[in-house]
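One structure is given here, and the rest of the page talks about it.
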Amino acid sequence: MTIPVNLIHFYIGIPILSYLTLYGLVFSKNKHNTVTRYLSLGSGVFLLAALAYCIPVLFTQDARNLTYSTILGDALQFISLNYIWLLGGHLLLSQSKPAQKTLQICVFIITVLSIYVSIIQNLAEPTVLKVVDSTTLIVYAYTDL
Amino acid sequence: MFGALIVVGLSFLLQIKQATTVSQKYRIAAIVLAFLVNGVLFSVAPLIKLNTSSLPVVIIVSGSFIAMTALMILSQVTRAKISAQ
């Protein structure tokens, strides 16, 4: 079993993301509040992204499997950021419904584009594990629009 | 895409004064800290050609998650104290 050093932050983030998700979706008194809902959905989907990045690397070193898990993690991460943009729109543009709707459409298009670019980049540059000075690192393509 | 974290982080930062209890302030501070640190880091990284899988970035992100966890624990502790009173 190998844990790449540059994935440690995801392992550290998993407990707090689980707490935020469970608290917001299950235990909170304000679970029907829009802010709580978007925040917990965003952290819940990001938790799934963190799991997609972290779990496969424990069981395989195969570049193809790691590339697919990175693509899945990237897609979930962009969906999570989509929820955070929706929350931002709700907080800043609550006075103007058309502006909020426009932002939602723009963010949806950027999310789909980001996922597409991530797939292209990751397939062109497959995810691999590399050992440098007896430290294991994961090397993957970084995507952001 | 990561600009969303800055937008929401700043919105929450402006709401800290409106929080009525210390517990709420800790909770909002936890979210503001994590969102602003990660939002700024990942928005600026491509502009300054910073490798996001490099160790300095991993250390900063890990630190933000640890600080967020600590503030959330403080929020729960203060809420439990208020409930006990």
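The values are calculated or read from the model by the stated rules, or taken from the named source; none is laboratory data. Here the structure is a predicted model, which is why all the values come from computation and not from measurement. Every residue, glycine as well, gets a Cβ built from its backbone with ideal geometry; the counts of neighbours run over all protein chains shown.
Residues checked against (1) more than 25 Å from B:SER43 (Cα to Cα); (2) touching a Lys or Arg at 6+ places or on another chain (Cβ under 8 Å):
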| site | (1), (2) |
| --- | --- |
| A:LYS31 | yes, yes |
| A:PHE46 | no, no |
| A:LEU51 | no, no |
| A:ASP74 | no, no |
| A:LEU91 | no, no |
| A:GLN95 | yes, no |
| A:ALA99 | no, no |
| A:SER114 | no, no |
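Is one or more of the residues making up the stretch A:63-76 within 25 Å of B:ILE73 (Cα to Cα), within 12 Å of chain B (Cβ to nearest Cβ) and not acidic (Asp, Glu)? Checking the stretch A:63-76: not a single residue is within 25 Å of B:ILE73 (Cα to Cα), within 12 Å of chain B (Cβ to nearest Cβ) and not acidic (Asp, Glu). Residue count for the stretch B:28-59 satisfying the condition of being farther than 21 Å from A:TYR11 by Cα and in contact (Cβ under 8 Å) with a residue 40 or more places away in the chain: 2. Looking only at residues in the stretch A:102-145 that are within 12 Å of chain B (Cβ to nearest Cβ) and touching a Gly at 6+ places or on another chain (Cβ under 8 Å), the one that is surrounded by the fewest Cβ atoms within 10 Å (Cβ to Cβ) is A:LEU103. Filtering B:ILE60, B:ILE48 for residues that are within 17 Å of the chain's Cα centre (by Cα) and of a type in the set (A, V, I, L, M, F, W, C) leaves a single hit, B:ILE60.
Could you tell me how many of the residues in the stretch A:17-37 are at pLDDT 90 or above and surrounded by 22 or more Cβ atoms within 10 Å (Cβ to Cβ)? Total meeting the criteria: 1. If you go through the stretch B:36-54 and keep only what is crowded, with 20+ Cβ neighbours inside 10 Å and at the interface with chain A (Cβ under 8 Å from one of its Cβ atoms), you end up with just B:PHE42. Taking helices (runs of 4 or more DSSP H) as the structural unit, those lying wholly within the stretch A:38-133 and holding at least 3 residues that are polar (S, T, N, Q) correspond to A:63-92, A:97-124. No other residue among B:VAL7, B:VAL32 is closer than 18 Å to A:GLY88 by Cβ and either at the interface with another protein chain (Cβ under 7 Å from one of its Cβ atoms) or assigned to a loop (DSSP other than H, G, I, E, B) (or both) apart from B:VAL7.
Confirm whether B:ARG27 is under 17 Å from A:SER40 (Cα atoms) and assigned to a helix (DSSP H, G or I). Yes: the conditions hold for B:ARG27. Entry remark, the stretch B:42-64: residues being of a type in the set (Lys, Arg) and either in contact with a Phe, Trp or Tyr (Cβ under 8 Å, 6 or more places away or on another chain) or not in a loop (DSSP other than H, G, I, E, B) (or both) number 0 in total.
The number of residues in the stretch B:55-76 that are of a type in the set (A, V, I, L, M, F, W, C) and within 7 Å of chain A (Cβ to nearest Cβ) comes to 7.
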